[in-house]
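The values are calculated or read from the model by the stated rules, or taken from the named source; none is laboratory data. This structure is a prediction, so every number in the text was calculated from the model and none was measured. Note: ideal-geometry Cβ built from the backbone for every residue, glycine included; neighbour counts use all protein chains shown. SASA here: full protein model, heavy atoms, side chains in, ligands and nucleic acids out. Shrake-Rupley method; radii C 1.70, N 1.55, O 1.52, S 1.80 Å.
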Amino acid sequence: MTRTSPVSWNALLAALLLAAGIIVPFLTQSSYFLTIGISAMIFTVFAMSLNIVYGYAGLLSLAQVGFWGVGSYVAALVVTRLGGSIWEGMIAAALVAAGGAILIGAAALRLSNHAFVIVSLCFTLLMQMLAQEWIDVTNGPMGIPGLPPPSIGFGEAVFSFGTPTRFFYLALVFATVSLGAIWIVVTSRVGKTLRMIKHDETLARSLGLRVTIWKLVAIALASVFAALSGALYVFYVTIVDPLIFDVYYTQVILVIVIIGGLGSFWPVVISGLLITVLPEILRTPNELRMISYGVILLLAVLIMPTGIAGLAGKMRARRTTPATSTAELLQ
Amino acid sequence: MSYEFLLQLIVNGIVVGLIYGLIATGLALLFGILHIVNFAHGEMVMLAMYAMAVVVPLLGGSYMASFAIIVIAAALLGWLVSGGLLAALSSKPGQMAIFEKSLLLTLGLSIILLNGVQYIFTATPMMVTTDIPTGAFTFGTVRLSYGHAIAGAIAIVIFAGLYLFLTRSNSGRALRAVAQNREAALMIGLDPEKVARRAITLSIVLCAVGGAVLIPLYVFQPIVGQALLLKAFAIVIIGGMGNVLGAAVVALGLGVLESVVGGFANIVWQNAIAFLGMILVLLIRPQGLFALAMRKG
């Protein structure tokens with residue numbers, strides 16, 4: 001395998017995507033296109049949070065939507081009930097999500113990874129019921145409408161992210177910082193350790209790794225990014241209601257991660273950006289759109305379970321195969 | 001007053017628990033025998049309810065006739081789809097494990113079913129009028145509506161049948177054998193595919209029965225399956241994953257507990273019990289209340 005220093009390729013890709021992001025608002029003022037861009041960036045971070053726990057650590061978590069919803073409710077409540085800023089709301093959202101994630105993970109992992117999947121799904125379903133029925137706090141099915149746009153105050157001057165263009169740049173900063181942070185984590189020793197646990201848990205254990213603690217780290221980290229992206233998302237759509245826990249979101253991020261390739265970074269970013277734009281092109285009634293996502297999920301699992309990353313790997317392998325066979329001939 | 005109220009809640013809870021049992025045992029059966037998780041289980045129950053909603057008016061409201069048709073249709077359908085399902089699930093080494101694959105595939109399926117039904121029938125709450133009279137048996141001050149009585153009676157008959165099937169018949173014993181020890185079951189010549197198809201069919205039939213008995217009791221929407229799935233999963237974990245008898249016992253307990261709590265406290269608590277119970281069991285006795293031995297994996 002001859003690869004020219006991978007670091008520079010990564011830097012180049014990152015720079016290209018960032019530059020493309022910066023240019024977009026100059027190309028179009030249409031709030032429709034900017035909205036698509038904003039949700040594409042937020043959902044890519046959200047999907048990447050699933051990739052941390054599922055792709056890298058090998059723990060299929062259906063709680064990501066639960067944390068995303070909890071994060072958005074916590075942030076909304078901090079702003080509307082406690083009079084905090086959205087930034088304080090996001091910090092609170094991250095803390096609550098991490099705490100909840102560790103609690104649930106610690107309980108579920110006592111049995112098995114299988115139990116974790118089931119508990120994680122039940123968590124999301126329960127949170128949705130709470131949002132609907134705990135009316136004193138969540139305002140029930142009506143949700144909490146009229147969330148103010150995020151703003152930064154410099155003394156007297158207040159800068160509000162109330163226009164689509166400004167929110168687009170806010171989302172761009174959020175996506176860049178979050179994906180950058182996730183990149184650092186997954187390429188560090190933490191990421192390598194998680195991948196090792198995924199591939200051979202027994203081996204990892206025998207080498208003295210505290211496997212459960214590492215899994216909890218992945219679960220907590222993933223929940224934080226899910227909660228943050230959820231919080232930012234509801235301040236963009238300006239309302240949070242129980243639909244934030246919809247299985248639709250689970251499906252979207254699963255499709256993104258599986259089509260991208262479990263445990264890969266750039267392919268998941270690319271598929272995240274592409275797949276969130278897709279439903280806008282397929283302008284169909286809601287139910288049919290959901291059905292098409294369901295079909296895509298089925299096909300992805302059946303036909304290309306390793307995703308874009310797997311296909312790319314296969315192509316690279318095919319390209320290198322003739323080289324090895326000539327080498328064999330020479331021998 | 002309070003005592004009689006409690007008694008009434010317990011009676012209602014037993015019926016709800018029996019229905020939970022029908023749904024949860026199907027899930028436990030699949031997990032125990034095939035090591036697969038079915039996220040579309042709730043949607044299958046929901047599908048049976050909508051099928052009833054279509055069939056009952058066609059048969060002039062006759063509940064028992066519709067019930068029989070739905071259950072037979074479910075059995076046929078189950079047997080037909082089980083082959084394809086198994087083919088889809090079979091995974092080569094190096095690919096996704098069967099557990100993970102089953103989970104993702106059934107998740108996709110559940111979304112397709114949920115939105116398909118929502119597209120056809122809309123999300124408007126449905127009510128089916130059947131020929132079951134609206135009265136109730138009264139025992140002192142405790143009332144048991146005819147709908148509840150029929151649901152409870154059907155569930156008890158099904159459980160008795162299931163128990164006899166699993167313990168007395170050869171095909172039922174084969175199912176248990178595979179659940180207990182797959183390799184040994186292969187060695188004595190059991191056909192794993194046949195056993196698997198039987199388990200899937202049985203599970204789908206249990207879904208159909210569960211859906212059909214809910215019809216006279218509740219007004220329902222397409223999302224009903226999701227709430228049922230949460231309960232069924234919690235029951236399966238509490239009872240010990242794959243333990244059918246454990247699931248049935250826990251289901252009964254959960255039904256009664258929910259009913260009693262719902263009578264005295266906020267509805268929020270009623271729905272949280274299943275989840276809290278599951279977390280509590282995982283912390284104290286992770287293998288489940290009725291597991292004989294710890295099974296890791």
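Tabulated values for the structure
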{"quantity": "Simple label model, 7 Å out from Cα along Cβ direction - B:A149 to B:L7, nm", "calculated": "1.7 nm"}
{"quantity": "Exposure rank, largest accessible area first [B:V128, A:V217; 1.4 Å]", "calculated": "A:V217, B:V128"}
{"quantity": "By accessible area with a 1.4 Å probe, ligands and nucleic acids excluded, highest first: order of B:V256, B:V195, A:V173", "calculated": "A:V173, B:V256, B:V195"}
{"quantity": "Sulfur and carbon atoms: percent of accessible area, the protein assembly as shown [1.4 Å]", "calculated": "70 percent"}
{"quantity": "Residues in segment A:92-140 occluded by at least 50 Å² - accessible area, probe radius 1.4 Å, against chain by itself", "calculated": "A:A107, A:R110, A:L111, A:H114, A:I118, A:V119, A:L121, A:C122, A:L125, A:L126, A:M129, A:E133"}
{"quantity": "Max mean-square fluctuation residue, GNM over chain A, Cα-Cα springs under 10 Å, options A:A101, A:A15, A:A231", "calculated": "A:A15"}
{"quantity": "Gain upon complete extension [A:A157, A:L311; 0.36 nm per residue less C-alpha separation]", "calculated": "50.3 nm"}
{"quantity": "Nearest 10 degrees, 0 to 90: helix A:86-108 Cα axis against chain A principal axis", "calculated": "60 degrees"}
{"quantity": "Members of segment B:111-143 that become less accessible by 30 Å² or more once partner protein chains are added (1.4 angstrom probe, chain alone as reference)", "calculated": "B:I111, B:I112, B:N115, B:Y119"}
{"quantity": "Nearest 10 degrees, 0 to 90: helix B:170-180 Cα axis against chain B principal axis", "calculated": "70 degrees"}
{"quantity": "Buried area at the A-B interface (accessible, heavy atoms, 1.4 Å probe, summed, Å²)", "calculated": "4000 Å²"}
{"quantity": "Set of segment B:167-209 residues, backbone N closer than 19 Å to the point 7 Å along the Cα-Cβ line of B:L59", "calculated": "B:204-209"}
{"quantity": "Exposure rank, largest accessible area first [A:W9, A:W87; 1.4 Å]", "calculated": "A:W9, A:W87"}
{"quantity": "Estimated [θ] at 222 nm from DSSP helical runs (n ≥ 4, -39500 (n - 2.57)) normalised by residues in chain B, nearest 500", "calculated": "-25500 deg cm²/dmol"}
{"quantity": "Candidates B:T141, B:T129, B:T106: whichever shows maximal mean-square fluctuation once chain B is modelled as a Gaussian network with Cα springs under 10 Å", "calculated": "B:T141"}
{"quantity": "Chain A: most fluctuating residue of A:S206, A:S271, A:S120 per GNM, C-alpha cutoff 10 Å", "calculated": "A:S206"}
{"quantity": "Accessible surface, per residue, of segment B:30-232 when the full set of protein chains is kept, probe 1.4 Å, Å²", "calculated": "44 Å²"}
